[in-house]
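Comments concern the structure below.
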């Protein structure tokens, strides 16, 4: 029986909307600031330039733009950031991989390129090696330093490929960090897992091929003994492929073709992502038996299966295929480094979405579960590769976070993220799901209730694609997932509270983001604040109307946090309005309150500019207060209004301003509250 070694390779290449060294100019009709303008607004140094990697836009017009960074023309490893922009182009916030100042004393190396390449080759311990070094700024760990990124490619002793990155200090020659784009696992096998499946193929009777037009023209090819190239497209006369065992070359091709299609469908239909690069591109799956390997890759992502001597079946199970292709999604979103906490989060992300794909496939031969690679028998005793309900059951993974977790192999530090996904999906305690028994503990001894797998997937993907950065830690991931939960479900939602409770249960400390929306301090009564995102710390979320005034622009201070509602301040004729619908309690004394400061460039006693606070009930608009450029107050003052007249009604709380054609007046509102 033919045996296999499985290797999943993550290509280092990314996609940039603007190439390094080129201007990322704003396109016609796009209100977003140019990369140069963003760099200036963020206070970056004169030698720093930003280059657009990719961008996404929310339904409300908010844009999230990822940038890579260069310093004096050198690529900055760990210098990436995400800028969140309002529909009008205002910068609302940023998430950065590098929090401190970026500067090095000199960009002239003391160590030669040849010496750095030699150092990288010595660490790779592979045959048929080729090394190439690029001078970079290494800012992924500690103080930024001039370094070489040495990429050494070759074949390891077990015949699996390696693509090792070694970062060599260009001044001292010391190794700063290293990681392999190719993560390896070894096993033997005698079966294929998905049973009889439907494949998307092309051709006609007597001449079919494994070409998947429905999934970005993906193809599955036979390398015929080669270790490189594109291979020969698999063809068949009757459109029936493989025999369900490794005795047929087509059987592994079926798993590669099927796994690629199911993963593509999951991301497109569930997460709204059109392929790894979000551009509709499909997969080429390359297959070979014997002393070479089977290789399946989706754009920058590869899966490789070769000869080995372990006790595992071929690593082509659905969740494994989804896992490996998800490495490509990670590379083209957050770009999580393969070291420290970020390495664990990288692996956990692939386990999370590999599991999601397996549930999505709804395959009766490989039902969805929270076990990773449960069918491949990698340990030779019927146990899975990893457990999500209690990761420590594999003997190496961690259930709980601590500051030492980042020092582990990413496959073990991933346990914290895997445990998060299980608890967020299903909650703690004992239960049976699809015939599998689970008993998930918590690290603080408190039980937690899940939000359902679908919601947990949405939260993690939103965090990965919108907020996480390459140097993400687990405490940072807590903030990122809470931001995502607030975006998707609201700051006062049960989903947000549950996400926070799960991180508590994993011993991940609270950070700067909370489910209160970061506001607070605005009480004009007692009890629960019924307004969502009351302090605007989640940006233009839960409010409707004009989103530009919800901002973290530093031209006017927030009362608490960084965000606030800044109405006016334009000095031109116009109106801005934001609204939030809320059910006023039928008991107690419903009270609306907020804090406000104001300033103006107008003079005299004539009211040129006005701001109104209103309650809209049905077709009736009640103005609670009108403020103008006359009598402005630059000190935050609390305003409070009795809403007893609206008891038991669902109303709209509205803030609206009107400015005339010259001289600005600004009203800044923060920490809103509606209580009873």
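The values are calculated or read from the model by the stated rules, or taken from the named source; none is laboratory data. Owing to the predicted nature of the structure, the values given are computational and were not obtained by experimental measurement. All Cβ positions, glycine included, derive from the backbone under ideal geometry; neighbour counts span all protein chains shown.
Miscellaneous remarks
- Total residues in segment 223-232 satisfying the condition of being surrounded by 15 or more Cβ atoms within 10 Å (Cβ to Cβ) and at pLDDT 70 or above: the figure is 1.
- Single condition residue 322 does not satisfy, out of (1) assigned to a helix (DSSP H, G or I); (2) modelled with pLDDT of 90 or more: (2)
- Enumeration of residues in segment 444-502 that are touching a strand residue (DSSP E or B) at 6+ places or on another chain (Cβ under 6 Å) and part of a helix (DSSP H, G or I): 466
- Of the criteria (1) in a loop (DSSP other than H, G, I, E, B); (2) at pLDDT 50 or above; (3) more than 20 Å from the chain's Cα centre (by Cα), which one residue 38 fails: (1)
- Among the residues listed as 527, 523, 517, the single one being at pLDDT below 85 and in contact with a helix residue (DSSP H, G or I) (Cβ under 8 Å, 6 or more places away or on another chain): 517
- Condition met for residue 214 (surrounded by fewer than 22 Cβ atoms within 10 Å (Cβ to Cβ), in a helix (DSSP H, G or I) and under 34 Å from the mean Cα position of the chain (by Cα)): yes
- Subset of segment 575-596 [at pLDDT below 90 and surrounded by fewer than 17 Cβ atoms within 10 Å (Cβ to Cβ)]: 586, 587, 588, 589
- Condition met for residue 82 (within 23 Å of residue 48 (Cβ to Cβ) and without any contact (Cβ under 8 Å) to a residue 60 or more places away in the chain): no
- The one condition from (1) part of a loop (DSSP other than H, G, I, E, B); (2) surrounded by 18 or more Cβ atoms within 10 Å (Cβ to Cβ); (3) under 19 Å from the mean Cα position of the chain (by Cα) that residue 59 does not meet is (2).
- Within segment 398-435, tally of residues that are assigned to a loop (DSSP other than H, G, I, E, B) and crowded, with 16+ Cβ neighbours inside 10 Å: 7
- The residues listed here are 534, 557; of these, the one that is closer than 20 Å to residue 479 by Cβ and either assigned to a loop (DSSP other than H, G, I, E, B) or at pLDDT 90 or above (or both) is 534.
- Residues that are within 26 Å of the chain's Cα centre (by Cα) and either outside any loop (DSSP other than H, G, I, E, B) or free of Cβ contacts under 8 Å to residues at least 40 places away in the same chain (or both) were ranked within segment 375-397; the one that is farthest from residue 454 (Cα to Cα) is 396.
- For segment 330-349, residues that are in a helix (DSSP H, G or I) and closer than 20 Å to residue 53 by Cβ total 6.
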